[in-house]
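K.L.:
Before anything else, here's the structure in question.
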Amino acid sequence: NNLVNMLNNMGLMVDSSEIFAAPHAAAEYCEIKGYNKILLIVPDQEMQDDFSAFQLVENNPDAVVIGDMGRLFTFKLLNKIFRIIINGAKLIAMHKNRYWAPAEGLVLDLGAFIAALEYASNTPATILGKPSANLFNLAVRPWGLSKSSIYVVGDDLDADIGGAHSAGMKSILVKTGKFLDKNLEHSTIKPDFIINSIADLPRLLQLC
């Protein structure tokens, strides 16, 4: 609902049925894998509602599912997750972005903390958000379209553009938000198209 309200306030009139986010993908994945007891590390009640079909526990979970915690991450919390993982719980992350770009400047994102947990526990995480192809494939499954006919638009070279390519989709990089020129120069990920602003998107799509 928060995301719907934010988009509506920006003039993009959508409803919740048109949004497929990482929490939805993570819940679907846990259901498919048969994980019933979940330690859910998320910052708000709305994300918890996506996992209402599961038994949410603090100890001995089948899996630890981690979402955006931002400044709520602490050493105590990370160490708790680490100990649970080395005792056999699966590590699931809603994404693995390196950083994000709020008004005050670039800030570490979930990926930095997931990488630390992977390294310490010697356990790879299952990524259910960008840049994992899982999210993109699950999101477009109801559409029945060829992957090569779908364009992913984003400002994150790794998560948006790299994720699109991993799922076999086309990509459009927007040079706003968290975009940095140096990342594009040094990356092996090459977007199919680059635009300066989202306002340029309608004209580009007319040419495609």
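K.L.:
From the mean inverse distance of alpha carbon pairs (Kirkwood) and the Cα radius of gyration, derive Rg over Rh for region 45-164.
P.N.:
That ratio is 0.99, to two decimals.
K.L.:
How large is ³J(HN,Hα) for each residue in region 175-180, as worked out from phi by the Karplus curve 6.51 cos²θ - 1.76 cosθ + 1.60 (θ = phi - 60°), to whole Hz, x for Gly and Pro?
P.N.:
So the J values, rounded to whole Hz, are 8, 9, x, 8, 4, 10.
K.L.:
Follow-up. Take the alpha carbon gyration tensor of region 137-207, find the square roots of its eigenvalues, order them as a ≥ b ≥ c, and report rounded if a/c is under 1.5; if not, report prolate when a/b exceeds b/c, else oblate.
P.N.:
It is oblate, given that a/c is not under 1.5 and a/b is not larger than b/c.
K.L.:
While we're looking at this one, here's another question. Calculate, in nm to one decimal, what GLU118 and ARG98 gain on full extension: separation in residues at 0.36 nm each, minus their alpha carbon distance.
P.N.:
In short, 5.8 nm is gained.
K.L.:
How big is the C-alpha Rg of the chain next to the rule-of-thumb value 2.2 N^0.38 Å, as a ratio?
P.N.:
Rounded to two decimals, the normalised Rg is 1.06.
K.L.:
Using alpha-carbon pairs under 8 Å, 6+ residues apart, how would you state the relative contact order of the chain in percent?
P.N.:
14 percent
K.L.:
If you don't mind, there's one more thing I want to ask. Taking the beta-carbon count within 10 Å as an exposure proxy, list LYS96, LYS147 from fewest neighbours to most.
P.N.:
LYS147, LYS96
K.L.:
Pop the C-beta distance of ASP49 and ASN87 into the FRET formula with R0 = 41 Å and round what comes out to the nearest 0.05.
P.N.:
Computed FRET efficiency for ASP49 and ASN87 comes out at 0.90.
K.L.:
Let me ask something else about it. Rounded to whole Hz and in sequence order, give me ³J(HN,Hα) for region 181-189 from the Karplus expression 6.51 cos²θ - 1.76 cosθ + 1.60, θ = phi - 60°, writing x for Gly and Pro.
P.N.:
Result, rounded to whole Hz: 4, 5, 5, 5, 5, 9, 8, 7, 7.
K.L.:
Quick one: among ALA63, ALA93, ALA53, which has the greatest mean-square fluctuation in a GNM of the chain with alpha-carbon springs under 10 angstrom?
P.N.:
Residue with maximal mean-square fluctuation among ALA63, ALA93, ALA53: ALA53.
K.L.:
May I ask you to order 168-179, 193-204 by the average number of other C-beta atoms within 10 Å around their residues, highest value first?
P.N.:
Answer by packing, highest mean first, reads 168-179, 193-204.
K.L.:
By count of other Cβ within 10 Å, fewest leading, how are HIS24, HIS186, HIS165 ordered?
P.N.:
By the 10 Å Cβ count, ascending, the order reads HIS186, HIS24, HIS165.
K.L.:
Right, something else. Would you mind telling me the antiparallel percentage of the DSSP bridges in the chain, rounded to 5?
P.N.:
10 percent
K.L.:
Apply 1/(1 + (r/R0)^6) to the Cβ-Cβ distance of ASN9 and LYS37, taking R0 = 25 Å, and write down the FRET efficiency to the nearest 0.05.
P.N.:
Taking R0 as 25 Å, the efficiency between ASN9 and LYS37 is 0.10.
K.L.:
Most exposed first by the Cβ proxy, i.e. fewest other Cβ within 10 Å, how do THR123, THR74 rank?
P.N.:
Least to most surrounded, the residues fall as THR74, THR123.
K.L.:
Rank GLU104, GLU31, GLU58 by mean-square fluctuation in a GNM of the chain with C-alpha springs under 10 angstrom and give only the top-ranked residue.
P.N.:
GLU104
K.L.:
Can you list residues from other chains, or at least 5 along the same chain, whose modelled amide H is less than 5 Å from the amide H of SER171?
P.N.:
VAL152, ASP192, PHE193
Every read-out reported here was derived from the displayed coordinates using simple, explicitly stated rules and does not represent laboratory data. Model, not experiment: these values are computed from the prediction. Cβ: placed from backbone, ideal geometry, glycine included. Neighbour counts: every protein chain shown.
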